[in-house]
Amino acid sequence: MKQLLQLLSEHVADAFCKAGYEADLGKTGISNRPDLCEYQCNGAMAGAKRYHKAPIVIAGEVAEILKDDEAFEMAEAVKPGFINLNVSRVFLQKQISAMAADPDMSVEKTGHPKKIIIDYGGANVAKPLHVGHLRSAVIGESIKRILRFMGNEVLGDVHLGDWGLQMGLIITELHERKPDLPYFDLEYEGEYPDEAPFTISELEEIYPAASRRSKEDADYKARALEATKELQMGRRGYRALWKHIMNVSVRDLKKNYDNLDVHFDLWKGESDTQSYILGMVQYLKDNGYAHYDQGALVVDVKEETDTKEIPPCMILKSDGSSLYDTTDLATLVMRREQYDPDEVIYVVDKRQELHFVQDFRCAKKTHLVKEDTGLIFLGFGTMNGKDGKPFKTREGGVMRLENLIRDINEEMYRKIMDNHAAEPEEARETAKIVALSAIKYGDLSNQASKDYIFDVDKFTSFEGNTGPYILYTIVRIKSILNRYTAAGGKVTGCRIGSIVTESEKELMMELAGYGSAVRTTAEELAPHKLCAYIYGLANAFNHFYHETKILSEEDENRKANLIALIDLTRKVLEQSVSLLGFCAPERM
Ligand code: ARG
């Protein structure tokens, strides 16, 4: 269905035509002087140049015509040539009624659905998830939900880091600790045990120990590199160990992502590209795209217009082993063969941008992807602590995601218990739901590419631009609706009544912006725009709530209309938070 702004623009465009001007001048937007008017059109200013007339003259002619237009209750030309507008109550009521009757609540789904792969999460196997991975998970999940909601076919792929040096390090360290395991015996031809020779907690201790040692001990590092290469070349015992590491670690990762309400359709990783690499390398050589440079196989990707040096894409190291460039290129080959996507979106730390510039250029130039495949890098900034430096534990170590979530849950639990006497068990459950909103909204309400400060006190507050505030608003509406039905009332969504008060009108004007808010969010891959929208809507609702008798309204007809209005508000808020990746509890 058409959006309110679109309709208003059409009415203003009509008026321009009637006054003898071109219709495109009628574009109308939300007023940037809300103290003066609700909407405004600046077309007379552009028209002034085109028609060699004073803008205020044109604005005056058009406003005169709009005075008789049923869409507006006020139309006024002001100097130097703006047209200030207020929408009419009847017109707005009609629009919100149509929205309430529309199963998509005025969101226009895409007319050209695409097949999209979103590469997000990016956890590294055998290393604990840390806060750096949080942003990718939170932003990627939201974008996945939004693009899917718009009607696209979307696959989320976690793209595990499961093929790099960390695997060689773990193998080397295990060899040191348990040299008698059959995995290290080259003569061994039997079956390997089903049971992993370590638990998840051991694994989490082994990797940092190995990583530390490799930094001090050159020989150890060399052995880890060798083990990595042998694993990639297919050494049987190492492959078996690798499978154990994967099983133990992925089980743990799934649990962590589940706690975040983040769900992947594909659990693929760098290792899945192994069978594509040989063929890809051959192709790049045969077609003259790749050449050897100091022993390494590279593809040049610099372009004449570059203002800074873009180094070549590294396909193989001089010892023949593959790198990050290699696996990412081969992943594109694999994705093309298995899914043939129209678009691949990467939600990755913006410090990796150069890698993706090289990768995308290489893939396009060598035709590893089709000409028109969209490759999009959505780089996000760093999550910092209150001191403005990358987020750390109190002791200065890397903060594990699990601990961060635990801390926020505690904080939320404390607040909920302080607020009122909830049963501890229910408060625990509610705290979890609200804590997730604090974490996710705190992240998503910032433009992704910017760094932001993770401020626990601010994010968990029930006031201000926070997740808990939005949920609090939803819960407030639910509670009114529950009391209404408990007293025998029936919530019927479609009966939006005539507008009586100013705060009711303001709430409806906010509601009318829903369709374009979702659309812009999807088009610009910008969840912060949806956050800004629901914050405005929640504010308008709370203002309305404080000014309006709802349950104590004596006119039953009006009461039912008000109930329909707040139910629509609830639906929009609930759908929005679900697109952002969280949900509201029943009570809080
Ligand atoms: N595992 C990587 C990291 O932790 C992120 C992977 C991002 N995706 C990709 N296709 N390279 O930095």
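Assorted remarks:
- Considering region 311-320, the residues that are surrounded by 15 or more Cβ atoms within 10 Å (Cβ to Cβ) and not hydrophobic (A, V, I, L, M, F, W, C) include one that is modelled with the highest pLDDT, namely 312.
- Any pair with Cβ under 6 angstrom, 6 or more apart, that starts in region 151-172 at a residue that is part of a strand (DSSP E or B) and ends at one that is within 14 Å of the ligand (Cβ to nearest atom) and basic (Lys, Arg): 157/268
- Flag for residue 241 being farther than 22 Å from residue 158 by Cβ and either assigned to a loop (DSSP other than H, G, I, E, B) or over 31 Å from the mean Cα position of the chain (by Cα) (or both): no
- Residue within region 359-370 that is surrounded by 17 or more Cβ atoms within 10 Å (Cβ to Cβ), closer than 14 Å to residue 159 by Cβ and of a type in the set (S, T, N, Q) present: no
- When region 308-331 is filtered for residues that are within 16 Å of the ligand (Cβ to nearest atom) and of a type in the set (S, T, N, Q), the ones remaining, listed by number, are 322, 326, 327, 331.
- For the condition more than 21 Å from residue 268 (Cα to Cα), touching a residue at least 24 places away in the same chain (Cβ under 8 Å) and within 16 Å of the ligand (Cβ to nearest atom), residue 207 qualifies.
- Going through (1) under 30 Å from residue 202 (Cα atoms); (2) surrounded by 23 or more Cβ atoms within 10 Å (Cβ to Cβ); (3) of a type outside the set (Lys, Arg) one by one, residue 134 falls short only on (2).
- Pick from region 108-146, criterion touching a helix residue (DSSP H, G or I) at 6+ places or on another chain (Cβ under 9 Å) and charged (D, E, K, R), ranking: nearest to the ligand (Cβ to nearest atom): 119
- Exactly one residue out of 298, 344 is among the hydrophobic types (A, V, I, L, M, F, W, C), farther than 29 Å from residue 168 by Cα and not in a loop (DSSP other than H, G, I, E, B): that is 344.
- Residues that are of a type in the set (S, T, N, Q) and within 15 Å of residue 97 (Cβ to Cβ), drawn from region 558-588: 561, 569
- Among (1) in a loop (DSSP other than H, G, I, E, B); (2) farther than 14 Å from residue 571 by Cα; (3) of a type outside the set (S, T, N, Q), the one test that residue 494 misses: (2)
- Lone qualifier among 328, 359, 387 - being assigned to a loop (DSSP other than H, G, I, E, B) and either over 23 Å from the mean Cα position of the chain (by Cα) or modelled with pLDDT of 95 or more (or both): 387
- The strands (runs of 3 or more DSSP E) found entirely in region 61-134 that carry 1 or more residues being under 24 Å from the mean Cα position of the chain (by Cα) and under 30 Å from residue 406 (Cα atoms) are 115-119.
- The residues on offer are 285, 268, 308, 255, and the sole one that is without any contact (Cβ under 8 Å) to a residue 60 or more places away in the chain and either among the β-branched types (Val, Ile, Thr) or surrounded by 12 or more Cβ atoms within 10 Å (Cβ to Cβ) (or both) is 285.
- Cβ-Cβ distances below 6 Å connect the following pairs, each with a first residue in region 435-460 that is modelled with pLDDT of 95 or more, a second residue that is part of a strand (DSSP E or B) and crowded, with 24+ Cβ neighbours inside 10 Å, and a separation of six or more residues or different chains: 448/380.
- Inter-residue pairs, beta-carbon under 8 Å, first under 25 Å from residue 151 (Cα atoms) and without any contact (Cβ under 8 Å) to a residue 60 or more places away in the chain and in region 113-140, second more than 9 Å from the ligand (Cβ to nearest atom) and among the acidic types (Asp, Glu), 6+ apart: 113/153
- Screening the candidates 180, 219 for the property of being more than 16 Å from the ligand (Cβ to nearest atom), without any contact (Cβ under 8 Å) to a residue 60 or more places away in the chain and not in a helix (DSSP H, G or I) yields one hit, 180.
- Residue ID - farthest from the ligand (Cβ to nearest atom), chosen from residues in region 94-104 that are surrounded by fewer than 20 Cβ atoms within 10 Å (Cβ to Cβ) and of a type outside the set (Gly, Ala, Ser): 94
- Search result, residues across region 223-248 that are touching a strand residue (DSSP E or B) at 6+ places or on another chain (Cβ under 9 Å) and either under 22 Å from residue 199 (Cα atoms) or among the charged types (D, E, K, R) (or both): 246
- Of all residues in region 529-550, those being surrounded by fewer than 18 Cβ atoms within 10 Å (Cβ to Cβ) and under 20 Å from the mean Cα position of the chain (by Cα) number 2.
- Selection within region 332-373 - within 12 Å of the ligand (Cβ to nearest atom), within 20 Å of residue 299 (Cα to Cα) and among the acidic types (Asp, Glu): 353, 359
- Number of residues in region 24-73 that are of a type in the set (A, V, I, L, M, F, W, C), surrounded by fewer than 17 Cβ atoms within 10 Å (Cβ to Cβ) and under 23 Å from residue 92 (Cβ atoms): the value is 2.
- Subset of region 362-384 (residues that are assigned to a loop (DSSP other than H, G, I, E, B), touching a residue at least 24 places away in the same chain (Cβ under 8 Å) and either out of contact with any Leu (no Cβ under 9 Å at 6 or more places or on another chain) or of a type outside the set (Val, Ile, Thr) (or both)): 368, 370, 372, 381, 382
- Residue check for residue 187: at negative phi and away from the ligand (no atom under 16 Å from the Cβ): yes
- Of all residues in region 390-401 being touching a strand residue (DSSP E or B) at 6+ places or on another chain (Cβ under 7 Å) and part of a loop (DSSP other than H, G, I, E, B), the one that is surrounded by the fewest Cβ atoms within 10 Å (Cβ to Cβ): 391
- Looking only at region 414-423, and only at residues there that are closer than 19 Å to residue 467 by Cβ and surrounded by fewer than 20 Cβ atoms within 10 Å (Cβ to Cβ), the one that is modelled with the lowest pLDDT: 422
The values are calculated or read from the model by the stated rules, or taken from the named source; none is laboratory data. Owing to the predicted nature of the structure, the values given are computational and were not obtained by experimental measurement. Glycine gets a Cβ as well: all are built from the backbone with ideal geometry, and neighbour counts include every protein chain shown.
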